[in-house]
Amino acid sequence: MVSSQTYTYNQLSDNMNDRSHLLLITHDQPLATQIEKYMYRQGFEVQVLSKSKDIPIWQQRHWADVILIDNNLPDDTDALSLCQELRRPPTVGYIPILALVENIERKEELTLRLSGADDYINKPIIERDLLIRVMTLLRIKRQFDQLLRDNQELANNLVLREHHLQQTLARQDELQRISEEAKILKMQMIDNVNHEFRTPLLQIKSAISILIEMGREKSTDPQYETVAEMAKQSVSRLEEIIENFSRLQLIENVKPSPIILRDGLRQGINSIRRSWSRRNDIRRIQHNSDQYNMLVIADRLALPRIMYLLLDNALKFSDDNVDIIVDFIQHKHVRIGIRDYGIGIAPEHHKHIFEAFYQVDHGTKRKYSGLGIGLTAAQMLAESMGTHIQVESQLGEGSFFHFTLPLANIDKV
Ligand code: ADP
């Protein structure tokens with residue numbers, strides 16, 4: 001028979017928001033009454049079971065914060081073995097067990113504790129002692145439960161993070177794959193432009209030369225030479241554009257090593273002569289490149305190419321002189337800058353001009369030739385050498401494009 005009684009006085013203990021539940025397992029009726037009354041007054045709900053075999057039925061519908069087990073149960077049940085069974089699964093919480101014993105010896109005390117009892121109290125029960133022990137066990141239980149909850153939360157967070165990590169890794173793999181594909185596509189496109197454009201362009205170039213020569217003998221028109229020169233100039237520009245495109249391949253092979261700065265600058269200036277020979281614009285470039293005989297770490301093809309691309313723009317977007325300015329930074333780096341005094345670039349375009357095919361809309365004022373990939377190529381080359389091209393410019397006030405290169409440590413060369 002289950003002897004169960006619940007007191008319902010609404011009397012709360014000082015430090016508890018809700019009544020804590022005690023389960024008392026004893027067949028000693030006077031003891032049960034004593035504990036029930038006293039503990040109820042102290043703010044506890046108390047349930048009493050007189051037989052240990054009733055516990056499984058009770059457990060199905062009830063719960064307790066602390067269990068008190070009388071060591072002397074009549075139905076030959078080993079009260080201690082009950083301790084283990086009584087504990088709920090750890091995820092639900094932890095239920096402390098207090099054994100009510102009669103003058104046990106040290107050995108018995110150890111057995112008790114090993115069986116799972118958290119504490120014991122000697123009979124006859126001194127109420128104040130009982131309260132203190134129950135309160136202590138309750139405090140431990142709350143801390144333990146809090147730990148379990150924190151642990152559970154941590155475990156949940158960990159699972160969530162693991163999930164996010166997996167997602168990020170999968171996304172990264174996908175991006176990597178796309179980037180590889182884009183790289184292959186880019187190289188294929190460059191190859192195609194190289195092969196498909198070059199041959200017809202060469203044919204156009206030689207056809208124009210022949211036509212110019214043939215026409216020269218027959219034409220008396222004074223405009224003839226100007227038109228012929230324009231045709232040659234346009235073919236050269238077209239050649240340059242294709243060259244720009246095919247030079248993108250350079251990026252794949254950039255290998256910075258010590259080179260003489262003077263040589264890199266000179267090669268850049270010389271390469272621009274071909275496309276700017278007609279108007280003698282090359283004379284607008286002001287430089288002291290001869291004096292820069294120090295070693296810098298750069299790619300021997302990429303540096304001249306960057307110079308070419310920046311000078312080409314500077315000449316194109318200004319009618320005035322263009323300065324090549326070299327500054328030394330703390331004896332460790334050189335800053336190479338190209339300054340023009342031309343149309344300039346409004347700040348809102350600065351970050352876009354390095355994007356492929358981006359061109360500032362200059363309205364109907366004047367059309368500038370180009371594809372919008374020169375600065376993209378220059379920046380890619382610069383970055384593969386570990387540097388970065390920066391721009392300072394205001395509309396109508398010219399532009400200053402610059403980048404730094406490390407000076408080679410001669411001792412290590
Ligand atoms: P493009 O072949 O059009 O010159 P770029 O990539 O070299 O292509 O330059 C992109 C755009 O940046 C140009 O179309 C131009 O609008 C602007 N730009 C570049 N350099 C200068 C410069 N020195 N002065 C003014 N605008 C410039």
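The values are calculated or read from the model by the stated rules, or taken from the named source; none is laboratory data. Computed from a predicted structure; not experimentally measured. Neighbour counts run over all protein chains shown; Cβ positions are idealised from the backbone, glycine included. Keep in mind that these areas ignore ligands, DNA and RNA; they rest on the heavy atoms of the full protein, side chains included. Shrake-Rupley method; radii C 1.70, N 1.55, O 1.52, S 1.80 Å.
Data table
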quantity: Long-range neighbours under 6 Å by Cβ, at least six apart or interchain, first residue touching a residue at least 60 places away in the same chain (Cβ under 8 Å) and closer than 22 Å to Q34 by Cβ within the stretch 110-128, second in a loop (DSSP other than H, G, I, E, B) and open to solvent by 70 Å² or more (accessible area, probe 1.4 Å); calculated: K123/E102
quantity: Residue in the stretch 237-247 that is open to solvent by less than 80 Å² (accessible area, probe 1.4 Å) and away from the ligand (no atom under 16 Å from the Cβ) present; calculated: no
quantity: Residue identified as of a type in the set (K, R) and within 49 Å of the chain's Cα centre (by Cα) among K205, K186, K232; calculated: K186
quantity: S234 modelled with pLDDT under 80, out of contact with any Lys or Arg (no Cβ under 6 Å at 6 or more places or on another chain), closer than 30 Å to R300 by Cα and among the polar types (S, T, N, Q); calculated: no
quantity: Matching strands (runs of 3 or more DSSP E) fully within the stretch 303-413 where at least 1 residues are among the charged types (D, E, K, R) and more than 8 Å from the ligand (Cβ to nearest atom); calculated: 322-329, 333-340, 390-393
quantity: In the stretch 117-137, the residues that are open to solvent by less than 20 Å² (accessible area, probe 1.4 Å) and closer than 18 Å to N72 by Cβ; calculated: A117, I121, I125, L130
quantity: Any chance Y292 is away from the ligand (no atom under 16 Å from the Cβ) and crowded, with 18+ Cβ neighbours inside 10 Å; calculated: yes
quantity: Output for the stretch 210-231, where each listed residue is within 30 Å of I306 (Cα to Cα) and open to solvent by 90 Å² or more (accessible area, probe 1.4 Å); calculated: M230
